[in-house]
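Single-structure report; data block below.
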Amino acid sequence: MIHFVDLKVQYESIKEEVDYAMLEVIKETAFIKGKYVEKFENDFVEKYGVKHCISTANGTDAIYIVLKMLGIGSGDEVITTAHSWISTSETITQAGAKPVFVDTDEYYTINASKIEEKINSKTKAIIPVHLYGQACEMDKIMEIAKRYNLFVIEDCAQAHFAEYNGKKVGTFGIAATFSFYPGKNLGAYGDAGAIMTNEDDLAMKCRMYSNHGALKKHYHEIEGINSRLDGLQAAILSVKLKYIDEWNRKRLNNALIYNDLLSNIQQVRIPRIRKNSKHIFHVYSIQVERREELREFLHQNGIETQIHYPTMLPFMPAYKYLNLKYEDFPNAYHYQDKILSLPMYPELTESKILFIINKIKEFYFKKE
Ligand SMILES: *Cc1c(COP(=O)(O)O)cnc(C)c1O
């Protein structure tokens, strides 16, 4: 059996450190916020090279909090990609604004040259998503944002430490949001998330809002929400942060093996890597012919696969009220029936990758 992700092998490799860290938190009953949360925030800030990290209960809240604290709400529009997890767009609605979708490019990220036509007087922000672990075309996006005076909030949930032109994703816009959902490249053992920014005032507001509108206990300057990181998750994340570069490197290496050996199969399109960028392959997704049949064949051979995502955001029932048309999102519409995500995690061995590739070849060459 080859799992899609295997969090058990990773746990085994750092078991001693993680178990020790968790016991410390319990012994000190540092459960909500407290010293381990502070430590993780500092560790993350230091490794990322930014000024502020505000931890949150999950990555979805992180986006919502930033939107709210930037003053985005009723009557505003926020531009984002058609191809993402629903957190990116549902938080725009939660803040009171309207999500405006843009089609994807051939790298599965927002098509930067299609952004401008969606901008109007209501537009306040752009949320580029560094999908699958690959940076969006950030120079173009930042240039447009500057020209129209829009905020850029980078959704880095799938791209911790990915880079564009030698600069880390999350350091281009006014703020960046992260998810540490267990399956993400940097994953906790439960829900967890963070906001990152260099802006002192925005950082202060986000910290306050995420903790019931109070910076100091019982001093509620505004009404906020309860979206805090807990000590156990923070302690685990501090341990795992030490390994993230190595894990990201292994993912990229695995992707390059896949790319090399799948490139000569006519029915398969391998993922493209943007020039001058560091892809960290949160997801390794190919485009294939006869996807459902291939998926079933791989399943029968003990290989788990997934689809990210089977329905692109504009076509979801949740957005039916926007009356969006397939023709307006030709790439996203095309991809949703072709994409297939193959097993990808740092500990995935070369022999397992070879087994998967051989099964894909067997499917197309022997069965056709
Ligand atoms: C996972 C994810 C989120 C949300 O993170 P949670 O921690 O699950 O709330 C947001 N955006 C994208 C693109 C994601 O993949």
Item to check | Gain upon complete extension [residue 220, residue 46; 0.36 nm per residue less C-alpha separation] | outcome: 59.7 nm
Checklist entry - Given the convex hull of the Cα atoms of the range 222-279, what is a quarter of its surface area in nm²? => result 8.0
Checklist entry - Given the options 49, 96, 231, which has the most mean-square fluctuation in a GNM of the chain, springs set between C-alpha atoms less than 10 angstrom apart? => result 49
Next on the checklist: Rounded to two decimal places and with Rh computed the Kirkwood way over Cα pairs, what is Rg over Rh for the range 105-155?
Outcome noted: 0.94
Next on the checklist: Looking only at the chain, where both bridge partners belong to it, what percent of the DSSP beta bridges are antiparallel (to the nearest 5)?
Outcome noted: 60
Item to check | Integer Hz, Karplus 6.51/-1.76/1.60 couplings in order for the range 343-360, x for Gly and Pro | outcome: x, 8, 6, x, 8, 4, 8, 4, 5, 5, 4, 4, 4, 4, 4, 4, 5, 5
Item to check | Residue-span extension gain [residue 260 to residue 299] - 0.36 nm each, minus C-alpha spacing | outcome: 11.8 nm
Checklist entry - If you roll a 1.4 Å probe over the chain with all protein chains in place, what percent of the accessible area is carbon or sulfur? => result 50
Next on the checklist: What FRET efficiency comes out for residue 291 versus residue 93 if R0 is 41 angstrom and r is the Cβ-Cβ distance? Round to the nearest 0.05.
Outcome noted: 0.85
Item to check | Equivalent-ellipsoid semi-axes of the chain, from the Cα gyration tensor, Å, largest first | outcome: 33, 28, 17
Next on the checklist: Give me the mean projected area, in nm² to one decimal, of the convex hull enclosing the Cα positions of the range 209-368.
Outcome noted: 14.8
Checklist entry - Once the range 1-45 is represented by equal point scatterers at the alpha-carbon sites, with solvent omitted, what log10 I(q)/I(0) does the Debye formula produce at q = 0.24, 0.31 Å⁻¹? => result -0.90, -1.02
Checklist outcome for this item: As a Kirkwood estimate from alpha-carbon pairs, the range 1-159 has a hydrodynamic radius in angstrom of 17.9
Checklist outcome for this item: Links exceeding 32 Å between C-alpha atoms in this model, out of 250/320; 124/184; 167/320; 122/168, come to 250/320; 167/320
Checklist entry - Ranked highest first by average number of other Cβ atoms within 10 Å, how do 99-112, 264-277 line up? => result 99-112, 264-277
Checklist entry - Around residue 303, which amide H atoms from residues at least 5 apart in sequence, or from another chain, sit under 5 Å from its own amide H, with H modelled in the peptide plane? => result 2
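The values are calculated or read from the model by the stated rules, or taken from the named source; none is laboratory data. This one's a predicted model, so the numbers in the text were calculated from it and none came from an experiment. Neighbour counts run over all protein chains shown; Cβ positions are idealised from the backbone, glycine included. Accessible surface areas use protein heavy atoms only, side chains included; no ligands, DNA or RNA. Shrake-Rupley method; radii C 1.70, N 1.55, O 1.52, S 1.80 Å.
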